[in-house]
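This report concerns only the one structure given below.
The numbers here are math on the coordinates, done by the rules we state, and not lab data. Fair warning: this is a prediction, and the values are worked out from it, not measured in the lab. Here the Cβ positions follow ideal geometry from the backbone for every residue, glycine too, while neighbour counts run over all protein chains shown.
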Amino acid sequence: MRLSRHLGVLLVLVTLNCSCSSHDQPRVENPLTHLRKGQYLREDYIHALCETLSPLEASRPDADPQLFTLDSDKNGAYLMPIHNFHEGDDPHRVSREGRLQIDSNPQGIVDTNLAFNAGGMESFTLMKGSSQLSFRFVGDAGRWVSDSIIAGTYRDAMGKQYSFEPGGQAVFPGGRRFDYTLSMDHILTHYDYIYSEKLGLAWMAKIDSKSLVLYETSGDIGETVSPTPKWQLTRLTPVACK
């Protein structure tokens, strides 16, 4: 009987000890789950974009990421850098220690030397030594840049009106409508350009706070640019970028 009572006490103590141990190790939550899914642009890129009105000139000269896409898979939420606004990478995840790490195959986990800190649902920062990179949620980066720089109403020298609507539809005289995007990707071009997927066309763009000048392009990836503009438009609405 004494042995049975002793065994019972031991079982209770073991159960309590295991219960306490599980509570002593709280579950570490992925900080990326608090952020909105979509794309995040670097704040210094956004600042330069609003100053220059040129995605080409706004591109930062360093090798650090300028654009991340936040998404999730079976292993949870992750960040993917879009290098040069052109191509993606392996998933980047946040470790228990708050480090941004590359979940790479076959190399395994690779540290980026960047420390992650969420700033709410729509922003985060990456610390690299004493320097800080800040990122802002923009949803779809290409659409955000186009709406911020191009969207608005214009007129030509004849007084005809043109509209580049927020959301990606252009309306030209005669009711001509087509999709448009101001490109952020300059891997294969050395100038700013607007393209239309529906029309399969691209136009070199010269943009300032008062005008939009578009030049026709031809050849592979717009390798030839017309020496004279196709449209010279005066801006009637202010630039939205901020």
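Calculated mean residue ellipticity at 222 nm for the chain: -6000 deg cm²/dmol, from DSSP H runs with n ≥ 4 weighted as -39500 (n - 2.57), summed, divided by the residue count and rounded to 500.
Simple spin-label estimate for ILE187 and GLU223 gives 1.8 nm between the two label positions (7 Å along the Cα-to-Cβ direction from each Cα).
Straight-line cross-link partners of LYS37 among the aspartates and glutamates, defined as a Cα under 18 Å from its Cα and at least 8 positions apart when in the same chain: GLU29, ASP71, ASP73, ASP89, ASP90, GLU122, ASP140.
Placing unit charges on C-beta atoms (Lys and Arg positive, Asp and Glu negative, everything else neutral), compute the dipole magnitude of the range 31-139 about its Cα centre in debye, rounded to 20.
Using only the charged Cβ atoms, the result is roughly 360 debye.
The relative contact order of the chain, computed from alpha carbon pairs under 8 Å that lie at least 6 residues apart in sequence, is 15 percent.
Using only side-chain charges placed at the Cβ, +1 for Lys and Arg and -1 for Asp and Glu, the dipole size of the range 193-235 relative to its Cα centre rounds to 300 debye. Between the listed residues GLY200, LEU49, VAL94, the Cα displaced farthest toward the positive end of the dipole of the chain, a dipole computed from Cβ unit charges relative to the Cα centre, is found at VAL94. With the alpha-carbon atoms of the chain aligned to their principal axes, the span from lowest to highest coordinate is 106, 33, 33 Å, starting with the largest.
Remark: relative contact order (the range 73-161) = 12 percent; criterion is Cα-Cα distance under 8 angstrom and separation of 6 or more residues.
Give me the log10 of I(q) over I(0) for the range 144-235 at q = 0.14 Å⁻¹, as the Debye formula computes it from C-alpha points; what are the numbers? Treating every Cα as an identical point scatterer, log10 I(q)/I(0) equals -0.46. Residues within the reach of a label modelled at VAL110 (point 7 angstrom out along Cα to beta-carbon, backbone nitrogen below 14 Å), restricted to the range 68-96, are 81, 83, 88-93. Computed from the Cβ-Cβ distance with R0 of 45 Å, the FRET efficiency linking GLN161 to ASP89 stands at 0.55.
Averaging the Cα positions of each part gives two centres, and for the range 146-191 and the range 108-127 these lie 35 Å apart. Farthest toward the positive end of the dipole of the chain, out of THR237, ALA77, TYR162, is the Cα of ALA77, where the dipole comes from beta carbon charges about the Cα centre. Rounded to whole numbers, the Karplus 3J(HN,Hα) couplings from phi for the range 136-152 are 10, 5, 10, x, 9, 4, x, 5, 4, 5, 4, 5, 6, 9, 9, 3, x Hz, using 6.51 cos²θ - 1.76 cosθ + 1.60 with θ = phi - 60°, and x at Gly and Pro. Of the residues SER211, LEU188, PHE137, the one whose Cα sits farthest toward the positive end of the charge dipole of the chain, with +1 on the Cβ of Lys and Arg and -1 on the Cβ of Asp and Glu, is PHE137.
In terms of distances greater than 23 angstrom between alpha carbons, the cross-link table entries LYS198/LYS230; LYS74/LYS198; LYS160/LYS230 yield LYS74/LYS198.
To the nearest 0.05, what FRET efficiency results for ARG177 and ASP64 with a Förster distance of 45 Å applied to their C-beta separation?
After rounding to 0.05, the efficiency reads 0.70.
Magnitude of the charge dipole for the chain, about its Cα centre and with charges confined to Cβ atoms of Lys, Arg (+1) and Asp, Glu (-1), is about 880 debye.
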